[in-house]
Amino acid sequence: MKNIFYFIFGGYIVLYVLFYFGLSIYIDSMHSTFNRLSVLAILMPVGLLLLFLLVLWKYTDIRHHWEGRGVCLIVTFLCLILPIYCFTVLGINEKKANFTAERWLAKSDERVYMIDDLLSRTKLIGLSKEEVIMLLGKPDAIERFKDDNTIVYYLGNERGFISIDSEWIVIWFDNAETVLNYKVQAD
């Protein structure tokens with residue numbers, strides 16, 4: 001019975017490390033920030049690990065052996081480093097995600113972090129062209145998405161695991177130069 005617990009525990013530790021490795025890649029590549037889902041995804045495996053250690057402690061003789069107690073403490077300590085790392089990356093992304101006009105103008109390659117915050121806090125549709133330019137600065141000169149009634153802003157490298165393309169926000173205006181629509185798209 002004891003060997004089965006150790007085997008299952010070892011398997012869980014391997015899955016735990018692989019899960020956090022994948023989660024850290026996802027958080028970094030998708031520029032994730034703090035929300036209920038991201039916090040739950042980080043904390044749930046830790047809770048399962050602690051529950052597993054409690055079961056090992058209670059139903060095996062691991063607590064009576066010095067080596068077993070040491071292994072449990074070391075594993076717990078090392079396994080807590082991974083969620084702390086994920087929370088740190090979320091915090092860095094959260095800081096980059098806050099939109100300010102100064103940061104938008106100064107860090108054009110980090111606009112991809114700020115675009116979701118900008119669009120959630122600012123209603124672009126209905127703004128005049130002059131108001132958009134006052135808010136976001138002079139548009140980028142690119143011919144790819146441009147026609148007579150659009151302006152385009154570079155956001156940065158495309159979000160995703162392999163970012164080959166760039167992301168842009170294209171803003172369309174009506175004949176009165178009022179925002180009609182906008183779209184974030186990759187080239």
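The values are calculated or read from the model by the stated rules, or taken from the named source; none is laboratory data. Just so we're clear, the structure is a prediction, and the values are computed from it rather than from any experiment. Note that we place each Cβ from the backbone using ideal geometry, even for glycine, and neighbour counts take in every protein chain shown.
Quick one: what pairs do we get from the stretch 118-132, first residue farther than 17 Å from residue 105 by Cα, second of a type outside the set (A, V, I, L, M) and part of a helix (DSSP H, G or I), C-beta under 9 Å, 6+ apart or different chains?
Pairs that qualify, where the first residue is farther than 17 Å from residue 105 by Cα and the partner is of a type outside the set (A, V, I, L, M) and part of a helix (DSSP H, G or I): there are none.
If only one of 75, 14, 71 is out of contact with any Pro (no Cβ under 9 Å at 6 or more places or on another chain), without any contact (Cβ under 8 Å) to a residue 24 or more places away in the chain and surrounded by 11 or more Cβ atoms within 10 Å (Cβ to Cβ), which one is it? So that I can check it myself, show each step before the final result.
Details: 75 fails: without any contact (Cβ under 8 Å) to a residue 24 or more places away in the chain; 14 fails: surrounded by 11 or more Cβ atoms within 10 Å (Cβ to Cβ).
Only one candidate qualifies: 71.
Among the residues of the stretch 144-187, write down those that are touching a residue at least 24 places away in the same chain (Cβ under 8 Å), farther than 27 Å from residue 28 by Cβ and outside any loop (DSSP other than H, G, I, E, B).
Scanning the stretch 144-187 gives 171, 173, 178, 179, 180, 181.
Select, from 28, 116, 109, the only residue that is within 18 Å of the chain's Cα centre (by Cα), at pLDDT below 85, surrounded by 11 or more Cβ atoms within 10 Å (Cβ to Cβ) and not hydrophobic (A, V, I, L, M, F, W, C). Talk me through it step by step, then tell me what you get.
Numbers: 28 fails: at pLDDT below 85; 116 fails: at pLDDT below 85.
Unique residue meeting the criteria: 109.
Can you list the helices (runs of 4 or more DSSP H) found entirely within the stretch 56-143 that contain at least 3 residues being under 30 Å from residue 177 (Cα atoms) and not acidic (Asp, Glu)? First the steps, then the outcome.
On the way: elements: 66-97, 101-106, 111-121, 129-136.
Those helices (runs of 4 or more DSSP H) span 101-106, 111-121, 129-136.
Can you confirm whether the stretch 46-55 contains a residue that is surrounded by fewer than 16 Cβ atoms within 10 Å (Cβ to Cβ) and in contact (Cβ under 8 Å) with a residue 40 or more places away in the chain? Steps first, answer last, please.
Let us first name the residues in the stretch 46-55 that are surrounded by fewer than 16 Cβ atoms within 10 Å (Cβ to Cβ), namely 47-48, 50-51, 54-55.
Adding the requirement that they be in contact (Cβ under 8 Å) with a residue 40 or more places away in the chain leaves 55.
Among the residues of the stretch 46-55, at least one is surrounded by fewer than 16 Cβ atoms within 10 Å (Cβ to Cβ) and in contact (Cβ under 8 Å) with a residue 40 or more places away in the chain, which makes the answer yes.
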